[in-house]
1. What number of residues in region 98-113 are surrounded by fewer than 12 Cβ atoms within 10 Å (Cβ to Cβ) and either under 15 Å from Gly11 (Cβ atoms) or of a type in the set (A, V, I, L, M, F, W, C) (or both)?
2. From the list Ser137, Ser155, exactly one residue is out of contact with any strand residue (DSSP E or B) (no Cβ under 6 Å at 6 or more places or on another chain), closer than 23 Å to Leu76 by Cβ and among the hydroxyl-bearing types (Ser, Thr, Tyr). Which is it?
3. Does Gly61 meet the test of being assigned by TED's automatic domain parsing to the domain that holds Gly105, crowded, with 21+ Cβ neighbours inside 10 Å and assigned to a loop (DSSP other than H, G, I, E, B)?
4. Taking the options Glu233, Glu185, Glu226, name whichever one is surrounded by 10 or more Cβ atoms within 10 Å (Cβ to Cβ) and of a type in the set (D, E, K, R).
5. Out of Leu159, Leu95, report the one residue that is more than 22 Å from Asp62 (Cα to Cα), in contact (Cβ under 8 Å) with a residue 24 or more places away in the chain, out of contact with any Phe, Trp or Tyr (no Cβ under 8 Å at 6 or more places or on another chain) and surrounded by 13 or more Cβ atoms within 10 Å (Cβ to Cβ).
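The values are calculated or read from the model by the stated rules, or taken from the named source; none is laboratory data. Model, not experiment: these values are computed from the prediction. All Cβ positions, glycine included, derive from the backbone under ideal geometry; neighbour counts span all protein chains shown.
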Amino acid sequence: MTGIHSVSIVGTGNVAHHLGKAFREAGIHVSDIYGRNRALAEELALTLGCFVAQSLDELSGDIILLCVSDDAVVDLASSISENRRLAYTSGSIPLSLLPSRTFSGVFYPLQTFSKNREIDMSTVPFLIEGNTLQHESELMQLASRISQHVLSANSNDRLHYHISAVFVNNFVNHLFSKGKEHIEEHGLDWEVLQPLIHETIGKISDLDPLQAQTGPALRNDQLTIERHLNALEGKSKEIYTLLSQSIQQSAKK
């Protein structure tokens, strides 16, 4: 067999949903879906026009793609014949944790996915690793059919990409959530902050984040900081203090 022409997807979450659609749109055959939640598997299979497998042994694609939580990757890999081509989409699981296989690899899309929000997959970076040069080459060719940004990344490099991704996406999004919670607790309008949010994100396309930093912590405006802290309590107060200290330490460097 030369190359990967069909894909079996294990999982029914956000990553499975978006990758499945991207494969279909690129003319890559999604042969079947397997998921613990039968209803979700049937829903995704209907969207992709493919079959629902009753077991892992029934999956018929050239490669089985594990689009599952990090905790499930190793156990699932152990349940699949070692001669089957296999890859998983996790950013933090090292390839060395998988049991010995003929073909195993990583097919990691570095992006945040939500089912009801469209993503231009051609702009998504894919970090690829294979246990053999042949398998890595095949995975890179597969990724290149749906994305313009495909690169080889070993497990250590991928770990650090993933850590940075948590900072710039998950943590930042949590801060948006905390800001919304605070403003609404005081009966004020969250929409007023939207232009600031868009400008904050837009600036780092033109400026290094350190250069884009503003605010009372950078200015060492202790009077404002104290006023803010006096108006906060609990975890929000701790977060504000810790981030202010981190901003000041970065500024000193």
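1. 0
2. Ser155
3. Yes, satisfied.
4. Glu226
5. Selected residue: Leu159, the only one of Leu159, Leu95 that is more than 22 Å from Asp62 (Cα to Cα), in contact (Cβ under 8 Å) with a residue 24 or more places away in the chain, out of contact with any Phe, Trp or Tyr (no Cβ under 8 Å at 6 or more places or on another chain) and surrounded by 13 or more Cβ atoms within 10 Å (Cβ to Cβ).
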